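**Q** I'd like to ask you about the structure that follows.
Values quoted throughout were computed directly from the atomic coordinates according to the rules given, and no laboratory measurement underlies them. From a predicted model like this one, the values you see are computed outputs, not experimental measurements. Glycine gets a Cβ as well: all are built from the backbone with ideal geometry, and neighbour counts include every protein chain shown.
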Amino acid sequence: METILHRFARMLWADQPADVSSAEGLYASLCPADTPDTFCWEDLDYTDKTRSFWQPAQHYARMQAILKSFGEERLHRDGDYSSRMIGALKYWLDHDYTNPNWWHNEIGMPLGIGNITILLYPLLDADTVSRAAALVGRGSMATLPAISQSWTGANLIWGALNTVRHALLIGDSDLLRRAVTRAAAEITEGGAEGIQRDRSFFQHGPRLYSGGYGLSFAEDIAKLLYLLQETPYQLPADKIDLFLSFILDGLRPMIHGEGMDWACVGREITRPGVLDSSRAVATVELLTRTEGLPRKDELEAFLAHLRGSEATDMTRYFPDAAMLCHHFNGLYVGAKFMNDRTLGAEICNSEGELCRNMSYGTHTCIMKSGREYRDINPVWDYAHIPGTTSIEESDDDLLARKNWAFAAHPNQCFGGAQNGRRAVICELAEHDGTQALVTHFAFEDGYVCLGAGIINADGRTLVTTVDQCWRAGDPAVTDSAVTHNGIRYTALDGTVMDTAIREQVGSWRRNNAALSDRPVKGDVLTLTVTHPAGKESTYAYMISAADTDEPAVTVLRNDRNLQAIRLPDGSVMAVFHGDCSLTVNPDGKVLSGTEGRILC
């Protein structure tokens, strides 16, 4: 127990924020000028009851930022500093702030106060440790049976690790073992939530959250593995194997360099910094420092890729999540589609109210550096989600329709397949009177997107958004291609692609009521294909690396019955939406298929 408590402190101290200057300012502003012995921050509203970004929670978040930035050694040599930090902890213990959202009281606060107590532990008297442990205990299996009985996924793992914090602070080895046993039981596959058989991660129903709740799940399991290494409490080998498969076979394909696929983070896309891959870096780095784990060479390679020193060529089709991830030639293209077995985006705690067009699939995330979409959400035009075909709508139009978050999707015309580095994903996208048959093809040197049968029942003009990302220099535009930020977008089969660069203005509050309404602005590149009103139409375009030769791809057919392409080596990739045949070469070779057949 002492070893694990000491290791917990070492783990926390090692994770130091980069911005020490910010911590200096926070420390300087601790204690209002007129009440110097009151260890709080004057700019925080401690009466705030906001359910998501709760202001009082910044009290212990700021404490942890200061402690980690200033380092452990200063606590032992600077008596005034250590007294002020202990005073700030006691301030929280004395006031015991709570929130109407259970998450803060039963997960967030026990986590924050638990970490602060472990960092300050050598300097605290027994009474202060006991008082702090009582608050941490509100999120512990010792006092909250629901954790082990009904919590699932990331919430359960948060509860289990808070129970570990509680057990260490009160010296209860039986409670520690209970927490580890319950956490291990959650490392399973194929349930309603948590790790799926394809290694994606669901939370809040069958909803993709690999980069949101799933990443939090990964962070805490990684901490458990690190804390428990070389002790009799370590998780069983089969659970470790499954967890590492989630990391390497599930989460890894959805991350590219400095960025995470925006379609895998759920409503958390509305929060600053969420698409930054730094949390994944810290998690994988911790796993590389944990003794006794298998697949260490793969973990090291993943860490090298995250740090920018190793390229990744990888293709992964996720049948449970309806997602395709393709890394090639230094690029990443991800596609999140929809079917009748999964849910799309969600609204929760006033987050994500503009995300309607993220709820019906055909999302496309295109990255080279990983910074293409980082914190773009304040200015994003949510009617033009990359990959989607939709009508033109304002924020007010989108906000007027909030009944979509748990809507069932009737789409049974969905499928996908993978054969090595080649993969296909397809769907019939139906929403708001709009229909579009969409198929994406991934292959060694490129990625092709086809849309057919595109029409709106009300005769409205439709727009397919190829991309909407931060501008990174001036794009090179020709009649058939746009090159920008090392990415080439090539129009195929007569498609006309429009390019627009404009300054877009918004705020974080647009899509998250708890955040600032301070104006945010920046130059955004938007590539679109406009479809004529009342007339069925198609589109075809390809994504490839600008520093390689453009793949010679031919669109063989793109209609309601068949979508097919021929690759440079003469091979064919196709999806049959109906019973039909296709002549694929001058020799007269014919490919025949029935509805649902996929050639990859």
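**Q** Dipole magnitude of the chain about its Cα centre, charges +1 at Lys/Arg Cβ and -1 at Asp/Glu Cβ only, in debye to the nearest 20?
**A** 780 debye
**Q** Treating cross-link reach as a plain straight distance, find the lysines whose alpha-carbon is under 22 Å from the alpha-carbon of LYS49, omitting any fewer than eight places away in the same chain.
**A** LYS90
**Q** Sticking with this one: Dipole magnitude of the range 212-297 about its Cα centre, charges +1 at Lys/Arg Cβ and -1 at Asp/Glu Cβ only, in debye to the nearest 20?
**A** Values: 9 positive and 13 negative charges, 28 e Å.
Dipole magnitude for the range 212-297 comes out near 140 debye.
**Q** As a check on your grasp of the helix formula, calculate [θ] at 222 nm for the chain: sum -39500 (n - 2.57) over DSSP H runs of n ≥ 4, divide by the residue count, round to the nearest 500.
**A** Details: 15 runs with 170 residues, N = 600.
Result for the chain, helices only: -8500 deg cm²/dmol.
**Q** May I ask you to evaluate 6.51 cos²θ - 1.76 cosθ + 1.60, the Karplus curve with θ = phi - 60°, for each residue of the range 336-348 and list the ³J(HN,Hα) values in order in whole Hz, giving x for glycine and proline?
**A** In residue order, the calculated couplings are 10, 9, 9, 9, 7, 10, 10, 9, x, 5, 9, 10, 7 Hz.
**Q** To continue, here is another question. Take the Cβ-Cβ distance between THR231 and LYS535 as r, set R0 to 51 Å, and report the resulting FRET efficiency rounded to the nearest 0.05. If you can, show how the numbers build up before the last one.
**A** On the way: r = 68 Å, r/R0 = 1.33.
Plugging the Cβ-Cβ distance into 1/(1 + (r/R0)^6) gives 0.15.
**Q** Taking only Cα atoms, what is the 0 to 90° angle, nearest 10, from helix 173-186's long axis to the longest principal axis of the chain?
**A** It is inclined by approximately 10 degrees.
**Q** How tilted is helix 109-120 with respect to the longest principal axis of the chain? Cα atoms for both, answer in degrees (0 to 90, nearest 10).
**A** 50 degrees
**Q** Taking every pair of Cα atoms in the range 1-104, average 1/r, invert it to obtain the Kirkwood radius, and report Rg/Rh to two decimals. Write out the running numbers ahead of the final one.
**A** Working: Rg = 14.7 Å, Rh = 14.9 Å.
Checking Rg against Rh, the ratio lands at 0.98.
**Q** Seen from all sides and averaged, what is the projected area of the convex hull of the Cα atoms in the chain, in nm²? Before the final figure, lay out the partial values.
**A** Values: hull surface 110.9 nm².
Projected over every direction and averaged, the Cα hull of the chain covers 27.7 nm².
**Q** When the Kirkwood hydrodynamic radius is evaluated over all pairs of different C-alpha atoms of the range 206-333, what value in angstrom, to one decimal, is obtained? Before the final figure, lay out each step's value.
**A** Numbers: mean 1/r = 0.0665 Å⁻¹.
So the Kirkwood estimate lands at 15.0 Å.
**Q** What does the highest-first list of 131-144, 233-246 look like by mean Cβ count within 10 Å? Working shown, then result.
**A** On the way: 131-144: 21.6, 233-246: 16.9.
Top to bottom by mean Cβ count within 10 Å: 131-144, 233-246.
**Q** Between ALA481 and residues 5 or more places away or on another chain, which pairs have amide H atoms under 5 Å apart, with H built 1.01 Å from N, and which residues are they?
**A** Amide H to amide H, under 5 Å and 5 or more residues apart or across chains, ALA481 pairs with ALA491.
**Q** Rounding to the nearest 20 debye, state how big the charge dipole of the range 331-562 is about its Cα centre with +1 on each Lys and Arg Cβ and -1 on each Asp and Glu Cβ. Walk me through the numbers before you get to the answer.
**A** On the way: 21 positive and 31 negative charges, 86 e Å.
My answer is approximately 420 debye.
**Q** Here's something else I'd like to know. Across the range 255-269, in residue order, what do the Karplus-derived ³J(HN,Hα) couplings come to in whole Hz, using 6.51 cos²θ - 1.76 cosθ + 1.60 with θ = phi - 60° and x for Gly and Pro?
**A** Each residue of the range 255-269 in turn: 10, 9, x, 8, x, 10, 4, 5, 7, 9, 10, x, 5, 5, 4 Hz.
**Q** Shifting gears a bit: Which lysines have a Cα less than 20 Å from the Cα of LYS336, not counting those fewer than 8 places away in the same chain?
**A** LYS368
**Q** Also, I was wondering about something else. For the Cα atoms of the chain, what angle does the longest principal axis make with the long axis of helix 2-14, in degrees from 0 to 90, nearest 10?
**A** Taking Cα atoms only, the helix is inclined about 60 degrees.
**Q** Next up: What span do the alpha-carbon atoms of the range 331-562 cover on each of the three principal axes, reported in whole Å from largest to smallest?
**A** That works out to 48, 41, 36 Å along the principal axes.
**Q** Do any chymotrypsin sites (Phe, Trp or Tyr not before Pro) in the range 1-93 lie in a loop, going by DSSP, with at most 15 other beta-carbon atoms within 10 Å of their beta carbon, and if so which? It would help to have the intermediate numbers written out before the result.
**A** Working: sites: PHE8, TRP13, TYR27, PHE39, TRP41, TYR46, PHE53, TRP54, TYR60, PHE70, TYR81, TYR91, TRP92; in loops: PHE39, TYR46, PHE53, TRP54.
Passing both the DSSP loop test and the Cβ count: TYR46.
**Q** Moving on to the next point. How do ASP340, ASP467 rank when sorted from fewest to most other Cβ atoms within 10 Å of their own Cβ? Mind showing how you got there, number by number?
**A** On the way: ASP340 11, ASP467 24.
Least to most surrounded, the residues fall as ASP340, ASP467.
**Q** Using the count of nearby Cβ atoms within 10 Å as a rough guide to exposure, how do ARG279, ARG510 rank from fewest to most?
**A** Numbers: ARG279 16, ARG510 20.
In order of increasing Cβ crowding within 10 Å: ARG279, ARG510.
**Q** Considering the dipole of the chain built from charges on the beta carbon (Lys and Arg +1, Asp and Glu -1) around the Cα centre, which of ILE269, SER52, LEU169 is farthest to its positive end?
**A** LEU169
**Q** Let me make sure I get this right: for the range 482-550, a, b and c are the square roots of the gyration tensor eigenvalues over alpha carbons, sorted descending. Under 1.5 in a/c it's rounded, otherwise prolate if a/b > b/c, else oblate. Which is it? Intermediate values should be presented prior to the final figure.
**A** Working: a/c = 3.13, a/b = 1.60, b/c = 1.96.
Verdict is oblate for the range 482-550.
**Q** Continuing with the same structure: Could you line up MET63, MET1, MET254 from fewest to most neighbouring Cβ atoms inside 10 Å?
**A** Final ranking by Cβ density, sparse to dense: MET1, MET63, MET254.
**Q** Moving to a separate point now. Taking θ as phi - 60°, what are the ³J(HN,Hα) couplings along the range 163-172 by the Karplus curve (6.51, -1.76, 1.60), each to the nearest whole Hz, with x for Gly and Pro?
**A** Running phi through 6.51 cos²θ - 1.76 cosθ + 1.60 with θ = phi - 60° gives 5, 4, 4, 4, 4, 5, 6, 9, x, 10 Hz.
**Q** Leaving out same-chain residues fewer than 8 places away, which aspartates and glutamates sit with a Cα under 12 Å from that of LYS535?
**A** Partners found: ASP458.
**Q** Of ALA88, ALA126, GLY137, which is farthest along the charge dipole of the range 67-201 in the positive direction, counting Lys and Arg as +1 and Asp and Glu as -1 at C-beta?
**A** It is GLY137, whose Cα lies furthest towards the positive end.
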